[in-house]
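Working notes, structure below.
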Amino acid sequence: MGVRAIPIALLTATLASGCHHEPPSDPAGPASEDFKTPPCVYFKELRPFLPAALPGYTTARDEGSTGKYGDVSVSEAERVFARDERELAVRIVDTTLSNRLGEKIKAAANDAKARPESDPTAPLVLHETVGFVRYDRAQAKAEANLLVADRFVVAVTGKGFESTAEVREVARNLDLAGLSKLR
């Protein structure tokens, strides 16, 4: 049985309607009562942990949002890079659902722990981080899904790739230690 990817894109797309991209502001005072800060980090605080640039790539998109949808809060920042027919996206998500997502990521990493480090789908274990890597040859898609400090979900996704090597390298070079200290 193969490892299933964490549906971060599905989660955020489902919740995207009504998302606050910027809090309403009043120059004379604090944000309006209509905008309540959710119990997750505001997306602008996540952005510094995305790569500013990737060698050989251009920045194609830089997006972020924070919103509360009933009992669920989601904050996400994403930067997408492009080169020729390739696309590499790095997304950081802080959500009140991180416990459930984290359980799935830990389970997938645990299922893969017997794989040798040389295996391109071996789990990633970094500073306060655990994650799994998968590759879909038919779609030329590589992805790493990480859980940082039992809170932040980081997804590094590459389209048009022949292996997981570049996705793994980008994931290893993120400031995960700094992200783990964010509260």
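What shape does region 40-181 take by its C-alpha gyration tensor, where a ≥ b ≥ c are the square roots of the eigenvalues and a/c under 1.5 counts as rounded, a/b above b/c as prolate, and the rest as oblate? The shape class here is oblate. Please give every one of the lysines within straight-line cross-link reach of Lys44, meaning a C-alpha to C-alpha distance under 22 Å, and leave out same-chain neighbours fewer than 8 residues apart. The qualifying lysines are Lys36, Lys68, Lys181.
Straight Cα distances below 17 angstrom link Lys141 to the aspartates and glutamates Asp84, Glu85, Glu87, Asp119, Glu162, Glu166, Glu169, with same-chain residues fewer than 8 positions distant left out. Taking trypsin sites (Lys or Arg not before Pro) across region 48-132, the ones in a DSSP loop with at most 14 further Cβ atoms lying within 10 angstrom of their Cβ are Lys113.
For region 40-181, the relative contact order works out to 20 percent when only alpha carbon pairs closer than 8 Å and six or more residues apart are counted. Estimated at 0.36 nm per residue, the fully extended path between Glu103 and Tyr57 surpasses their Cα-Cα distance by 13.3 nm. Between Asp111 and Gln139, the contour length at 0.36 nm per residue exceeds the Cα-Cα span by 7.8 nm.
Values in this text are rule-based calculations from the coordinates and carry no lab data. The structure displayed is predicted, hence computed values, not measured ones. Cβ sites come from the backbone with ideal geometry, for glycine too, and all protein chains shown count toward neighbours.
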